[in-house]
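Trainee: Here it is, the structure, as structure tokens.
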Amino acid sequence: MKLSHINITMPKGNEDMARAFYGNFLGLKEIPKPPPLRARGGVWFDAGGIDLHVSATDEIPQADAQRHFGLECADMERLREKLTKAAITIDPGRPAPWKRFFIRDPFGNRIEIHEPGAMRG
């Protein structure tokens, strides 16, 4: 068994905002949705071999303080500077034995940005 994708949500009609955030700010490559699913809206990205599906919905669940997904980043400081310049709030999170910080996407989804190799030392 292996993880194939992560699905998060956004309000309908925000595909351009998702592309700007995940594509432009985080540098993820957009991947095409299968034709039968395109009418639903949303946008998919390749997150280093695992798909990140940003689904369009009318019902956005409330974010909680700990639920998140993690993205490994080779140049955390450069990304931190880019996000700060874009007025995206950086949360250092609770102490951990690796370098990391948290952000929220424009839809409230929490994301951990961490150094390479940190999770399995």
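Trainee: Kindly provide the set of residues from segment 18-34 that are at pLDDT 95 or above, exposed (fewer than 12 other Cβ atoms within 10 Å of the Cβ) and outside any loop (DSSP other than H, G, I, E, B), ordered by number.
Mentor: Within segment 18-34, just K29 meets the criteria.
Trainee: Checking the conditions here, which among R110, R100, R67, R80 is touching a strand residue (DSSP E or B) at 6+ places or on another chain (Cβ under 7 Å), among the charged types (D, E, K, R) and open to solvent by 80 Å² or more (accessible area, probe 1.4 Å)?
Mentor: Answer to the check: R67.
Trainee: Does any residue in segment 63-84 that is among the hydroxyl-bearing types (S, T, Y) come within less than 7 Å, Cβ to Cβ, of a residue that is in a loop (DSSP other than H, G, I, E, B) six or more places away or on a different chain, and which pairs are these?
Mentor: Listed pairs, sorted by first residue: T84/I90.
Trainee: Hey, could you check segment 45-64 for residues that are closer than 27 Å to L79 by Cβ and open to solvent by less than 40 Å² (accessible area, probe 1.4 Å) and say which is farthest from the chain's Cα centre (by Cα)?
Mentor: Only one residue fits best here, namely A56.
Trainee: Before we move on, is G42 free of Cβ contacts under 8 Å to residues at least 12 places away in the same chain, under 16 Å from the mean Cα position of the chain (by Cα) and open to solvent by less than 80 Å² (accessible area, probe 1.4 Å)?
Mentor: no
Trainee: Return a yes/no flag: does segment 29-36 have any residue that is under 24 Å from R78 (Cβ atoms) and in contact (Cβ under 8 Å) with a residue 60 or more places away in the chain.
Mentor: There is no residue in segment 29-36 that is under 24 Å from R78 (Cβ atoms) and in contact (Cβ under 8 Å) with a residue 60 or more places away in the chain.
Trainee: Which count do you get for residues in segment 51-75 that are in a loop (DSSP other than H, G, I, E, B) and either modelled with pLDDT of 95 or more or closer than 24 Å to A86 by Cβ (or both)?
Mentor: Selection size over segment 51-75: 8.
Trainee: Name the pairs whose Cβ atoms lie under 6 Å apart, with the first residue in segment 92-103 and within 15 Å of E72 (Cβ to Cβ), the second open to solvent by 40 Å² or more (accessible area, probe 1.4 Å), and 6 or more positions between them or separate chains?
Mentor: W98/E115; K99/E115; F101/I90; F101/P92; F102/D91
The values are calculated or read from the model by the stated rules, or taken from the named source; none is laboratory data. A quick note: this is a predicted structure, and the numbers were derived from the prediction, not measured. Virtual Cβ from ideal backbone geometry, glycine too; neighbours counted across all protein chains shown. When the accessible area is computed, the model is the full protein with side chains, heavy atoms only, and any ligands, DNA or RNA have been set aside. Shrake-Rupley method; radii C 1.70, N 1.55, O 1.52, S 1.80 Å.
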